[in-house]
1. Compute the separation of the alpha-carbon centres of the range 83-137 and the range 186-204 and state it in Å as a whole number.
2. Express in % the proportion of alpha carbon pairs of the range 1-99 at distances exceeding 24 Å.
3. For the chain, what number results from the quotient of the Cα radius of gyration and 2.2 N^0.38 Å?
4. So with the 1.4 Å probe, I'd like the accessible area per residue for the chain, rounded to whole Å².
5. Just to be sure I follow the definition: excluding the sites themselves, where is the longest run in the chain that has none of the trypsin sites (Lys or Arg not before Pro) in a DSSP loop with at most 16 other Cβ atoms within 10 Å?
6. Under 18 Å Cα to Cα from residue 34, which lysines show up? Leave out anything in the same chain fewer than 8 places away.
7. Could you pull out every one of the aspartates and glutamates with an alpha carbon less than 15 Å from that of residue 68, ignoring same-chain neighbours closer than 8 positions?
8. Return the long-range amide H neighbours of residue 31 (sequence gap of 5 or more, or a different chain), with a cut-off of under 5 Å between placed amide H atoms.
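The values are calculated or read from the model by the stated rules, or taken from the named source; none is laboratory data. This is a predicted model, so every value here is computed, not measured. Don't worry about glycine lacking a Cβ; one is built from the backbone with ideal geometry, like all the others, and counts go over all protein chains shown. Accessible surface areas use protein heavy atoms only, side chains included; no ligands, DNA or RNA. Shrake-Rupley method; radii C 1.70, N 1.55, O 1.52, S 1.80 Å.
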Amino acid sequence: MTLDNHHCVQLVPLFEKLAEQDLTKVEKIVEHKKIKKGEIIISPDKEPLLVIVAQGALKISQLSQSGKEQLLRIIEAGDYEGEGALLGVTNGQLYGQAMIDSTICFLRQSDFETLLTTYPSLSLQLLKLNAKKYLAAEHQAGFLVLDDVEARLAHYFLNLSATSDSLYFEIPMKLKELANYIGTSPETISRKIKVFEENKIISRQGRMIKLLDKEKLEDDFA
């Protein structure tokens, strides 16, 4: 499916409160681009942009002082990144890379500032959405303080289930990236998932997970 600027704008929660005529105006300044898997869209040496995922997925990560990549989050259709840099809060170690072939829409800094000035309601919506991003970051920090990797994985699966409002959901990243996300090794993640399967707590097909015994997962591991 070919996605134009209209689809980009319609997908984004940031713009959902705007009237139809205002959405039309926003569409005129939003640009869109197809990117290949592995292409880096956000980095310290690139122009600051508000990057909106129309189709596909980007992984947002930063480099530690030792140069190790730390996965912060996965953004998918309707999600966005880069508002911090546009507002003057820069992270010199932040990177955004396409996980698969994707379509993104983007706003340049001058256009973004004009939108916030023209439509004050966007500022309030931006605050609300950023509060959700902050809460998600707190959840990730919560994983890392748990001593037991099984508890971290259980919390992660329960959060995915709650977010999707379903017992059946997809892990939005490779096991290596999931291991990075919750602070362990890919081998350990594989072993712990196997434990959950053997205990009939989950079933798994590739990245698709089904919670078979949510109560046991909550009581015994989370």
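1. Measuring centre to centre over Cα atoms gives 36 Å.
2. 24
3. Relative to the 2.2 N^0.38 Å estimate, the chain comes out at 1.10.
4. Accessible area per residue, the chain: 54 Å².
5. Value returned for the longest uninterrupted segment is 69-173.
6. 46, 59
7. 177
8. Residues meeting the amide H criterion: 106.
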